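In what follows, a single structure is set out as structure tokens and then discussed.
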Amino acid sequence: RGRRHMFREFGWQEQRSPDPQAVDTFTRSMLQWEERSMTPHAQILELYQQLIRLRHERSDMGSSYVDARWEGSLFVMDRLHTQVVCNLGEQDQCCRAPAGYQLLLLGVDQPDEGLPEIWLPPDGLVVWGRPAAAVNARATG
């Protein structure tokens, strides 16, 4: 079936699909390591590092249990004690912390005013979670 067929399934026009054999496609796809310290790349790198840190700190983030659903343009993923919410829409969306949860992480350039309710911008991200003491008590009890 090939790559062009795959791109077509994503709605890409064939003439816009990169040719995997072209040298230009290869050079455009190479990482530009010097950009790691520039905006917005540095902020995205920091966000990924924080997400990885959360995964190591919170045992439920490695759990196979996940409940994923759409709430309008919000994509919500619930783990045992952690909730990740992404705004995949084009407008700001109101997001409220579940009862007993606290803010663990906000995406790039997002103010944390108005907690436990925040407005997520398009492509915004928030991670809510039960306090660590509550998570540890449930794990041992």
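The values are calculated or read from the model by the stated rules, or taken from the named source; none is laboratory data. Since this is a predicted model, take the numbers as computed values, not measurements. Here Cβ is always computed from backbone atoms with ideal geometry, including for glycine, and neighbour counts include all displayed protein chains.
For the range 10-23, a tally of residues being of a type in the set (D, E, K, R) and either within 30 Å of residue 81 (Cα to Cα) or outside any helix (DSSP H, G or I) (or both) returns 1.
Got at least one residue in the range 106-113 being of a type in the set (A, V, I, L, M), in a strand (DSSP E or B) and under 13 Å from the mean Cα position of the chain (by Cα)?
yes
Scanning the range 29-40 finds no residues that are at pLDDT 90 or above and within 15 Å of the chain's Cα centre (by Cα). In the range 128-140, the condition of being at pLDDT 75 or above, in a loop (DSSP other than H, G, I, E, B), closer than 15 Å to residue 76 by Cβ and in contact with a strand residue (DSSP E or B) (Cβ under 6 Å, 6 or more places away or on another chain) is met by no residue.
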